[in-house]
1. Using just the C-alpha positions of the protein assembly as shown as equal point scatterers, what log10 of I(q)/I(0) does the Debye formula give at each q in 0.08, 0.11, 0.16 1/Å?
2. Give me the base-10 log of I(q)/I(0) for region A:1-53 at each q in 0.13, 0.22, 0.30 Å⁻¹, Debye formula, one uniform scatterer per Cα, rounded to two decimals.
3. Dipole magnitude of chain B about its Cα centre, charges +1 at Lys/Arg Cβ and -1 at Asp/Glu Cβ only, in debye to the nearest 20?
4. Got the B:R75 label distances to the other copies yet, label 7 Å along Cα→Cβ, in nm, shortest first?
5. To the nearest 500 deg cm²/dmol, what mean residue ellipticity at 222 nm is calculated for the protein assembly as shown from DSSP H runs of n ≥ 4 alone, each contributing -39,500 (n - 2.57), summed and divided by the residues?
6. Mind sorting B:L90, B:L11, B:L22 by how few other Cβ atoms lie within 10 Å of their own Cβ, fewest first?
7. May I ask you to derive the relative contact order of chain A, considering only C-alpha pairs under 8 Å and at least 6 residues apart, and to give it as an integer percent?
8. Please identify, among B:I23, B:I50, B:I89, the residue showing maximal mean-square fluctuation in a Gaussian network model of chain B using a 10 angstrom Cα cutoff.
2 protein chains.
Amino acid sequence: MNFRAVLEEILDRVEGAQAITLIGLDGIAIDSVNPGRLPLEGLSAEFTSIVKGLNVSNTELETGEVQQLAIATDRFVTFLSSVTSEYFILMILSADGNYGRARFELLRAKTRLQDELS
Amino acid sequence: MNFRAVLEEILDRVEGAQAITLIGLDGIAIDSVNPGRLPLEGLSAEFTSIVKGLNVSNTELETGEVQQLAIATDRFVTFLSSVTSEYFILMILSADGNYGRARFELLRAKTRLQDELS
């Protein structure tokens, strides 16, 4: 499967999307689309470490596996969305980007990519 | 100001909202509305520690302060939304709750509460 084509399609469809990458739980990228050269490697490492921490600590509420994580700061919204338990898509939006569309496209990508990555 | 009345109003307005609490960055609650007796104390401690970690590490992208953090798992969506740099609202939604409305009401609450908490 052409992972890059799927990533490019998501980036095109979500208003305000700046960069997107398909990564393993080790934070290493399989493929990325990053026209603005954002520092994806550092972000990938940070976000995957948060998810690993959450999967250990979420037993309190018995919440189940983490599906999506979104962090909004003054300038950006960063999404981390699971594809399988081992692979995630990280996407960065401008603060005024289309948040709901981002969630939708990332859930849709999961369905498209999960068989290939299992 | 009656913090509890503001929290109750948000809980009423957001479809699927299960519990809400106003907490300091130390994870200690000022007030809570928690009819289903969810384990808010443990969650507050976990989420505030994530935010403290992020505020240190987000220098890579120069993102600015964390405004909202949302974590969706199989069963719940948990929001942590800043009021000031020291106080946050934590809200728990069922997985099929109204995510967009939650974001909106939490941003609105910030405007209403921030003067009181500064």
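1. The Debye formula, applied to the Cα set alone, gives -0.28, -0.53, -1.12.
2. -0.32, -0.84, -1.16
3. 220 debye
4. 3.9
5. Numbers: 6 runs with 96 residues, N = 236.
For the protein assembly as shown, the value works out to -13500 deg cm²/dmol.
6. Numbers: B:L90 24, B:L11 18, B:L22 21.
Least to most surrounded, the residues fall as B:L11, B:L22, B:L90.
7. 29 percent
8. In this elastic network of chain B, the residue with the biggest mean-square fluctuation among B:I23, B:I50, B:I89 is B:I50.
Read the figures in this text as sums done on the coordinates, not as results from a lab. The structure presented is a predicted model; accordingly, all values stated were derived computationally and were not measured. Note that we place each Cβ from the backbone using ideal geometry, even for glycine, and neighbour counts take in every protein chain shown.
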